[in-house]
Amino acid sequence: VLHRDLKPGNVMVGRFGEVYVMDWGLAKVLGQADHRDLRIRPEAPGLDSAVDSARKRDADSDDGASVVSMDGQKLGTPSYMSLEQARSEPLDRRADVYAIGAMLYELLTGRAPYTTPGVRRPAYRILQDLIEGPPKRLEAIEKGVPAELVAIAAKAMARDAEQRYPDTLALASDLRAFLGQRVVTAYRTGAL
């Protein structure tokens, strides 16, 4: 199952560390036809998004945080959307991998990809920036982030889906390796 709208506002952590993924309104079962027209509307007035925090953005108005498809369905949240999702191309598990990478980017920098703290930008402007190129490099925003975490986030958010982790389990494996001070596959070191 693809979630297609993973973002901090849709992930909750329980009292005992259990993780809950919420809001499955855009979910799609792999291998089944999607009966929604997910092509993006050319213009959608009034879709401003607060970019100072994901929780505030979601709390202010879910309409402001999402992009709407041709048939009026929510398409997703641009800051956490993969390039292929932004282009309305077919999706696989790597679209959700990208979104988790974008959440890691936000955890490490304090801001969502394609946003600037304190600046409100329409969701469609963020979507346009996403289509035009990658977000600002993580290490350019936040100094001192371990190189392994930078590499994990970069691999998860690769613009070419083929360059990403094949699924969330592979991404989780690299994160566990980092936490356990083991070798991270996304991070290349020298022979020594």
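The values are calculated or read from the model by the stated rules, or taken from the named source; none is laboratory data. It should be emphasised that the depicted structure is a prediction, and the values quoted were computed from it without experimental measurement. Here the Cβ is made from the backbone with ideal geometry for all residues, glycine too, and neighbour counts use every protein chain on show. Side chains are part of the model used for accessible areas, which takes the heavy atoms of the whole protein and leaves out ligands, DNA and RNA. Shrake-Rupley method; radii C 1.70, N 1.55, O 1.52, S 1.80 Å.
Could you say whether any residue in segment 171-183 is under 14 Å from Asp96 (Cα atoms) and surrounded by 12 or more Cβ atoms within 10 Å (Cβ to Cβ)? Yes.
Evaluate segment 61-75: report whether one residue or more is modelled with pLDDT under 85, of a type in the set (Asp, Glu), touching a Gly at 6+ places or on another chain (Cβ under 7 Å) and not in a helix (DSSP H, G or I). For segment 61-75, residues modelled with pLDDT under 85, of a type in the set (Asp, Glu), touching a Gly at 6+ places or on another chain (Cβ under 7 Å) and not in a helix (DSSP H, G or I): absent. Of everything listed in (1) modelled with pLDDT under 95; (2) open to solvent by 30 Å² or more (accessible area, probe 1.4 Å), the single unmet condition for Ala123 is (2).
Here's the yes/no breakdown for (1) within 20 Å of Leu2 (Cβ to Cβ); (2) modelled with pLDDT under 90; (3) within 14 Å of the chain's Cα centre (by Cα):
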position	(1), (2), (3)
Pro78	yes, no, yes
Val97	yes, no, yes
Gly101	yes, no, yes
Leu108	no, no, yes
Arg111	no, no, yes
Gly118	no, no, no
Leu130	yes, no, yes
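For beta carbons closer than 8 Å, sequence separation of 6+ or different chains, a first residue in segment 15-34 that is under 16 Å from Thr77 (Cα atoms) and a second that is assigned to a loop (DSSP other than H, G, I, E, B) and of a type in the set (S, T, N, Q), the qualifying pairs are Leu26/Gln73.
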